[in-house]
Amino acid sequence: MSSTLLRTAPVLRGALRASGVLKPAAMASMSFVRGKATLPDLPYDYGALEPHISGKIMELHHKKHHQTYVNGLNSALETIEEAKSKGDFTKAASIAPLLNFHGGGHINHSLFWENLAPASRDGGGEPDGALKKAIDSDFGSFDTFRKQMNTALAAIQGSGWAWLVKDKSAGTLGLVTRANQDPVAGPYVPLMGIDAWEHAYYLQYENRKAEYFDAIWNVINWKTVAARFEKS
Amino acid sequence: MVNISNLWQYLALQSPLHSTLSGDAFNLTKMGFTAHTLPALPYAYDALEPHISAQIMELHHSKHHQAYVTNLNAALESHVAAVAANDIASQIALQQAIKFNGGGHINHSLFWKNLAPTGSDETSPAAAKELVAAIEKTWGSLESFKKAFSATLLGIQGSGWGWLVKEAGDGAGLRIVTTKDQDPVVGGDVPIFGVDMWEHAYYLQYLNGKAAYVENIWNVINWKTAEARFSGKSGEKTEL
Ligand SMILES: [Fe+2]
Ligand SMILES: [Fe+2]
Ligand SMILES: [Fe+2]
C-alpha cells in the first residue's frame with residue numbers, strides 16, 4: 001500500500017477502509033504520487049493488443065476513461081479531506097458513492113492493464129504450474145473455467161466486470177461479477193479481470209460483445225495472474 | 001399500477017395495454033405465448049443527424065432493441081414452459097431476464113417516440129405549452145430544468161436512463177429520476193421523456209465525450225410526444 005498516501009493523508013485511511021475501497025491487494029498496481037492517484041503507464045503500446053483489441057480502444061480507454069476515474073478519485077479524496085478539516089462528516093460520508101465509483105474504476109483498470117499482454121509476448125495460451133492445478137481442481141478444467149467466465153460476462157446486465165478471484169478464507173478460486181466499478185473486496189483477491197463496459201469493445205465489436213469476450217483470451221497475461229495467485 | 005417486483009408477472013401476463021405502449025403486434029404462438037416484436041422507428045435512421053448518427057440509430061434499434069425483444073420472448077417462452085411443468089425454481093430464475101429484457105423493450109420503445117427528426121416542429125418546446133409551463137413552475141425556467149436534467153444524466157454511474165416523470169397521485173408534480181441498467185419507470189409515475197445513457201447510445205459518435213451527447217440530445221427531444229404524455233393524451237400506456 002502506498003505509504004505516501006497514508007502518511008500525507010491519515011484521515012483517508014479510515015475513510016477508505018470504511019468504504020471497502022483500496023484494499024492492500026488491489027493497491028499493488030496503483031500509482032500514487034504525493035498522496036494523489038496518477039494514471040499508470042500501460043506496460044505495452046496502445047496497438048500492441050491488436051487485432052484482438054484495437055489501438056483506438058486502448059488509447060481512449062487508458063488516456064480518457066481511466067484518467068477520468070483518476071481525476072474523480074482525487075477530487076473525491078480532496079472533498080473528503082476538506083470536509084474533514086471542517087468537521088463536516090456528513091459531507092464526507094456523502095462522497096462515499098463517488099469514492100467507490102472512481103476509486104473502483106482506478107483499481108479495476110490498473111489491474112486490468114497488467115493482466116493483459118500482447119499475444120506476441122506473454123498474452124494468451126493457458127496458465128501452468130500451481131495456478132493451472134488450482135483452476136483444474138476448482139473448475140474441472142481450464143476450458144470449463146473459460147466457458148464459465150464468458151457466461152458470467154455475457155450475463156452482466158449493464159456495465160460491470162467479471163473476475164477470477166481467490167477466496168482467502170476458503171483458499172479456493174472462484175468467479176465473481178461486479179456492477180459498474182465496484183471493486184473486488186472482502187475475502188476475495190482479484191487475480192484476473194475483464195472489463196465488460198461497452199467502452200471496452202464497442203468501437204471494434206459494436207453490439208457483438210460475445211466476439212470480444214472470445215477474443216480477449218488471446219491477450220490474457222497468465223504470468224501476471226500466476227504472480228497474483230502466488231502472492232495471495 | 002404494478003410494482004417492480006411483479007413486473008415480470010405483468011409482462012408474462014401479456015397485458016394488451018402493453019401493445020399500445022410499444023406499438024408492437026402480438027403474435028399468438030402455438031404455446032399460447034404471445035411474442036413481442038420490434039416496433040418500427042417513427043423516422044429514418046439518419047433523421048436525427050448530426051446529433052445522433054445513422055450508424056448509432058441503426059445498431060441501437062435493429063441490434064440492441066431487437067436483442068431485448070428476442071431475449072424477452074425467449075424468457076417468456078421458457079416461463080410458459082416452466083409454468084406448464086409446475087417448475088417453480090425455473091420460474092423464479094427467469095424473473096431477472098424478463099425484468100431486464102422487458103425493461104429494455106419498454107424503455108427503448110418510449111425513447112424512440114420521445115425523439116424527433118432534427119429541425120422538425122416537434123423538437124421545439126413550443127409544441128409543449130402545458131408541460132413547459134409546469135416545468136417553469138417547478139424549476140423556474142426551462143433552461144434551469146435542462147441544466148438539472150443534464151447534470152443528472154452525467155451523474156449516472158454505469159448504464160442507465162434519465163427520465164422526466166409526472167408523479168403518481170393528485171399532485172402530479174414533475175420530477176427527474178434515473179433508473180439503472182434497464183429498470184423501467186414504475187410506481188405509477190408517468191415517463192414524459194427518457195434519455196438512454198448506456199454507452200451504446202453515443203459511443204460511436206461521441207466516444208468518451210458524453211457531455212456533448214447530452215448537450216445535443218436537446219436538439220432532438222420530441223416535445224409534442226412529451227406534451228401528449230404529460231396531458232395523458234398520448235394514447236400510450238406509459239405506466240406499468
Ligand atoms: Fe473500462
Ligand atoms: Fe412489446
Ligand atoms: Fe439503449
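Please treat every number below as a calculation from the coordinates, not as lab data. The shown structure was predicted, so the numbers you read here are calculated from the model rather than taken from an experiment. Methodologically, a virtual Cβ is constructed for each residue, glycine included, from the backbone with ideal geometry; neighbour enumeration extends over all protein chains shown.
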note = In this structure, among A:Lys166/B:Lys63; A:Lys91/B:Lys129; B:Lys99/B:Lys137; A:Lys166/A:Lys209; A:Lys64/A:Lys133, pairs with alpha-carbon gaps over 32 Å are A:Lys166/B:Lys63; A:Lys91/B:Lys129; B:Lys99/B:Lys137; A:Lys64/A:Lys133
query = Which value at 222 nm does chain A reach when only helices count, each DSSP H run of 4 or more adding -39,500 (n - 2.57), with the total divided by all residues and rounded to the nearest 500 deg cm²/dmol?
reply = -14000 deg cm²/dmol
ask   = Around A:His65, what is the net charge, scoring Lys/Arg as +1 and Asp/Glu as -1 over all other residues with Cβ under 14 Å from its Cβ?
value = 0
request  = Enumerate the residues in segment B:198-240 having an amide nitrogen under 15 Å from the point lying 7 Å beyond the Cα of B:Leu154 toward its Cβ.
outcome  = B:208-218
ask   = For peptide B:199-205, how many partner chain Cβ atoms fall within 10 Å of a residue's Cβ, on average?
value = 4
request  = Would you please give the residues with an amide H less than 5 Å from that of B:Gly188, counting only those at least 5 places away or on a separate chain, with H modeled from the backbone geometry?
outcome  = B:Val2, B:Leu240
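Lys and Arg at +1, Asp and Glu at -1: add these up for the other residues within a Cβ distance under 9 Å of B:Glu227 and post the number.
Here the charged neighbours net out to +3.
Would you calculate the convex hull of the Cα atoms in segment B:49-118 and tell me its volume per residue in Å³? Write down the numbers at each step before the final one.
Values: hull volume 4.8 nm³, N = 70.
Hull volume normalised by residue count: 69 Å³.
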ask   = Mind checking the dipole of chain A: about its Cα centre, +1 per Lys or Arg Cβ, -1 per Asp or Glu Cβ, Debye to the nearest 20?
value = 780 debye
task = Report the local net charge at B:Thr118: Lys and Arg +1, Asp and Glu -1, summed over other residues whose C-beta lies under 15 Å from its C-beta.
result = -4
task = Could you tell me which of rounded, prolate or oblate describes segment A:129-231, using a ≥ b ≥ c as the square roots of the eigenvalues of the alpha-carbon gyration tensor, with rounded for a/c under 1.5 and, failing that, prolate when a/b is larger than b/c and oblate otherwise?
result = prolate
